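Visitor: Below are the structure tokens for one structure; questions will follow.
Read-outs throughout are calculated quantities, based only on the coordinates presented, and are distinct from any laboratory measurement. No experiment lies behind these values; they were computed from the predicted model shown. Cβ placement follows ideal geometry from the backbone for every residue including glycine, while neighbour counts extend to all protein chains displayed.
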Amino acid sequence: MYNFSMSKPQDYDENFIPLDVAKRIIMSALEDFDPILGARAREIFANGHRLRITEELEQRTGMMNCLPAGITIQDLKDRDMYFDFVEPFDNGIFIEHNADGSEAIINFEYTYSVDSLCYLAHEIGHAIADDIQRACGLSFRDFSPHELEKQAYFIQSIVAAHIDPDFNTESAAFVPASETSLSSAFNREAQRYEAVGAYKQAAALAASQRTAFIETIMGKPACAATITPPYPLAEDTVHL
Ligand SMILES: [Zn+2]
């Protein structure tokens with residue numbers, strides 16, 4: 001487990017955020033927003049086999065992805081993702097094309113910047129979504145690439161807003177996507193815009209309503225009951 005006795009946000013240098021600090025910031029942001037969401041992130045960070053993270057001062061591979069539970073090479077080829085996993089990353093760390101089948105895993109090159117922290121939050125978002133979907137008997141195959149990205153950007157938006165309330169509006173370049181760009185199944189601008197909108201909706205809800213809203217955004221069928229994670233909520237978190 002990590003030591004959660006975290007320093008205040010102003011105590012870190014935005015240009016050099018140690019990985020452990022980045023993890024704690026992500027967990028605190030999600031915990032503050034919704035305790036169950038925080039517990040889900042905590043569970044993923046506590047399981048080293050779900051995170052293959054390298055640290056580099058400068059981008060080397062640019063690796064950042066989350067392999068959903070049970071994904072196959074054919075799935076990757078079908079989604080034009082296979083390219084990301086071939087030779088450049090065959091270094092003993094970013095190697096597995098198949099997650100071991102039971103849980104989503106994250107491959108990530110962390111570069112200590114606040115942007116890198118937000119991208120890590122994005123990949124954690126994919127893993128959280130995958131956990132929620134599997135608890136409902138679904139999988140990533142039940143969602144379009146657009147839906148899956150929106151789920152990850154939703155989590156990224158929560159963390160970005162925690163770091164700086166203006167971060168989302170600035171970084172999303174916040175131009176509503178045109179009809180043309182919306183027609184693309186993989187338009188990041190549209191995914192981000194929609195996710196920030198969902199974040200604002202969730203933020204406006206009372207805490208008692210927020211969990212169910214979040215789970216629906218993350219892929220739970222709206223009719224299903226709220227899912228209690230199979231692990232305890234944190235009691236020892238010092239919020240940022
Ligand atoms: Zn993504």
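Visitor: With labels modelled as points extended 7 Å from the Cα through the Cβ direction, what inter-label distance (nm, one decimal) is found for Thr61 paired with Asp13?
Guide: The answer from the label model is 2.6 nm.
Visitor: Please report the net charge: other residues with Cβ closer than 11 Å to the Cβ of Arg134, K and R +1, D and E -1.
Guide: After counting each charged neighbour, the total is -3.
Visitor: Can I ask one more? Could you work out how far the C-alpha centroid of the range 110-127 sits from that of the range 135-160, in angstrom?
Guide: The distance from the Cα centre of the range 110-127 to that of the range 135-160 comes to 15 Å.
Visitor: Neighbour counts of other C-beta atoms within 10 Å: give me Asp78, Asp32, Asp131 arranged from fewest to most.
Guide: With the fewest neighbours first, Asp78, Asp32, Asp131 line up as Asp78, Asp32, Asp131.
Visitor: Related question: Mind giving me the nanometre distance, one decimal, between the label points for Thr169 and Asp115, set 7 Å out from Cα along Cα→Cβ?
Guide: For the pair Thr169/Asp115, the computed spacing is 2.2 nm.
Visitor: In which sequence would Thr228, Thr169, Thr111 go, from the one with the fewest C-beta neighbours within 10 Å to the one with the most?
Guide: If I rank by nearby Cβ atoms, fewest first, I get Thr228, Thr169, Thr111.
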